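A.B. asks: Okay, handing you the structure first.
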Amino acid sequence: MPPPPDIKVPGDRVGVVAELVAGPGTFVRGPFVYASTTGAVTVAPGDPLPTVSVQRAGQQAAIPSVGVTVIAKVSRVTPRAAMADIVCVGAHAVTDKFSGIVRQQDVRATEIDKVDLLASFRPGDLIRAQVLSLGDSRAYFLSTAKNDLGVILAKGVAGVPMVPISWQEMRCPITDQVENRKVAKVA
């Protein structure tokens with residue numbers, strides 16, 4: 001009979017950085033690797049060190065990682081940053097709650113100092129962004145500094161989805177009102 005799986009909860013120590021590489025469902029703090037989700041510990045061989053991960057039973061957890069494209073819903077906009085809740089990682093919906101922050105310098109690649117976040121995003125907008133880094137303990141740092149990243153769905157005053165008319169404007173099809181956004185280029 002096989003041994004029962006080693007189950008960890010968030011914050012449980014999984015291993016030592018000198019012996020393991022942190023994989024999905026884990027994070028590094030100091031010299032140790034910790035679980036960031038509840039699940040079974042798996043160790044996959046790697047070169048030069050094996051990779052440890054924590055996965056929920058019965059499903060593959062969609063966890064943001066650096067360089068991955070995510071879909072997020074903007075929850076709050078300030079002059080320095082836009083806060084968003086990540087709803088999809090790649091093509092997979094998330095089961096846990098992940099927060100992201102788009103800082104002023106990460107909205108677009110050029111004229112960074114002239115970016116007006118209040119004219120780029122509004123609460124309720126769905127944005128496509130790339131994960132820059134794990135950020136702090138509360139949120140991932142996100143970037144929309146590529147042409148294919150930015151607002152992909154915004155609703156106007158009438159409550160219907162707006163239509164992009166340029167890389168920085170969207171129009172409501174009912175009221176013809178034009179609003180500023182950092183629009184994602186659709187392929």
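A.B. asks: Return the residues of region 29-42 that are modelled with pLDDT of 85 or more, surrounded by 15 or more Cβ atoms within 10 Å (Cβ to Cβ) and either among the β-branched types (Val, Ile, Thr) or under 24 Å from Val94 (Cα atoms) (or both); say none if nothing qualifies.
C.D. replies: Hits for region 29-42 are Val33, Tyr34, Ala35, Ala40, Val41, Thr42.
A.B. asks: Output the qualifying pairs, or none if there are none: Cβ atoms under 8 angstrom, residues six or more apart or on different chains, first residue in region 119-130 and more than 14 Å from Val178 (Cα to Cα) and in contact (Cβ under 8 Å) with a residue 40 or more places away in the chain, second residue hydroxyl-bearing (Ser, Thr, Tyr) and open to solvent by 40 Å² or more (accessible area, probe 1.4 Å).
C.D. replies: Cβ pairs passing all conditions: Pro123/Ser75; Arg128/Thr69; Ala129/Thr69; Gln130/Thr69.
A.B. asks: While we're here: Does Ser53 meet the test of being under 30 Å from Ala18 (Cβ atoms), out of contact with any His (no Cβ under 9 Å at 6 or more places or on another chain), of a type in the set (Ser, Thr, Tyr) and not in a strand (DSSP E or B)? Break it down into steps so the answer makes sense when it comes.
C.D. replies: On the way: under 30 Å from Ala18 (Cβ atoms): yes; out of contact with any His (no Cβ under 9 Å at 6 or more places or on another chain): yes; of a type in the set (Ser, Thr, Tyr): yes; not in a strand (DSSP E or B): no.
Here the answer is no, as Ser53 does not meet what is asked.
A.B. asks: If Ala93 satisfies every condition in (1) surrounded by 15 or more Cβ atoms within 10 Å (Cβ to Cβ); (2) at pLDDT below 90; (3) assigned to a strand (DSSP E or B); (4) out of contact with any Pro (no Cβ under 9 Å at 6 or more places or on another chain) but one, which is the exception?
C.D. replies: (1)
A.B. asks: What number of residues within region 134-158 satisfy the criterion of being more than 19 Å from Lys97 (Cβ to Cβ), out of contact with any Gly (no Cβ under 8 Å at 6 or more places or on another chain) and either at pLDDT 90 or above or open to solvent by 40 Å² or more (accessible area, probe 1.4 Å) (or both)?
C.D. replies: At the first step, the residues of region 134-158 found to be more than 19 Å from Lys97 (Cβ to Cβ) are 143-158.
Of the ones still in play, those that are also out of contact with any Gly (no Cβ under 8 Å at 6 or more places or on another chain) are 143, 145-153, 156-158.
Filter once more, so that each one left must be either at pLDDT 90 or above or open to solvent by 40 Å² or more (accessible area, probe 1.4 Å) (or both): 143, 145-153, 157-158.
So the answer is 12.
A.B. asks: Given (1) at pLDDT below 90; (2) under 21 Å from Leu142 (Cβ atoms), where does Ile71 come up short, assuming only one miss?
C.D. replies: With (1) at pLDDT below 90; (2) under 21 Å from Leu142 (Cβ atoms) applied to Ile71, the lone miss is (1).
A.B. asks: Give the residue, chosen from Ile71, Ile86, Ile63, that is in a loop (DSSP other than H, G, I, E, B), crowded, with 19+ Cβ neighbours inside 10 Å and of a type in the set (Val, Ile, Thr). It would help to see each step written out before you state the result.
C.D. replies: Numbers: Ile71 fails: in a loop (DSSP other than H, G, I, E, B); Ile86 fails: in a loop (DSSP other than H, G, I, E, B).
Going through Ile71, Ile86, Ile63 in turn, just one is in a loop (DSSP other than H, G, I, E, B), crowded, with 19+ Cβ neighbours inside 10 Å and of a type in the set (Val, Ile, Thr): Ile63.
A.B. asks: Which residue out of Asp176, Asp116, Asp148 is closer than 30 Å to Gly23 by Cα, among the acidic types (Asp, Glu) and over 14 Å from the mean Cα position of the chain (by Cα)?
C.D. replies: Values: Asp176 fails: closer than 30 Å to Gly23 by Cα; Asp116 fails: closer than 30 Å to Gly23 by Cα.
Of Asp176, Asp116, Asp148, the one residue that is closer than 30 Å to Gly23 by Cα, among the acidic types (Asp, Glu) and over 14 Å from the mean Cα position of the chain (by Cα) is Asp148.
The values are calculated or read from the model by the stated rules, or taken from the named source; none is laboratory data. Bear in mind the structure is a predicted one, so any value in this text is a computation, not a measurement. Reconstructed Cβ throughout: ideal geometry from the backbone, glycine too, with neighbour counts over all protein chains shown. Just the protein is used for accessible areas: all its heavy atoms, side chains included, with ligands, DNA and RNA removed. Shrake-Rupley method; radii C 1.70, N 1.55, O 1.52, S 1.80 Å.
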